[in-house]
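Derivation of every value follows stated rules applied to the coordinates shown; laboratory data play no part. None of these values were measured; they are calculated from a predicted model. Glycine gets a Cβ as well: all are built from the backbone with ideal geometry, and neighbour counts include every protein chain shown.
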Amino acid sequence: MIAPEQDQRIERNVQRTVGHAALKKIRGIVDEDLEKEMSGARLLRAFLRYGWLILLVAAALLAHYLGVI
């Protein structure tokens, strides 16, 4: 037969283990969400960094096509 204090200790350890597993799952969800936000921010940063070059090339090609250049 298990003593009451040992039973309480086992129950506390089980609760701690379950809580730890839940925190790991939550951390995984948060990490996924942060990665999605970071990839969107990287795409926006790249567009802002190189977008003006693309617009410049597109304008030059359009000008060439229209015969301005």
Cα-based Kirkwood hydrodynamic radius, the chain, one decimal, Å: 17.4
Full-extension gain in nm, ARG9 to ASP33, via 0.36 nm per residue minus C-alpha separation: 5.0 nm
Between 0 and 90°, nearest 10: helix 4-66 axis offset from the chain longest Cα axis: 0
Summed side-chain charge close to GLY19 - residues other than GLY19 whose Cβ falls under 13 Å, Lys, Arg +1, Asp, Glu -1: +4
MRE, 222 nm, helices only [DSSP H, n ≥ 4, -39500 (n - 2.57), over the chain, to nearest 500]: -34500 deg cm²/dmol
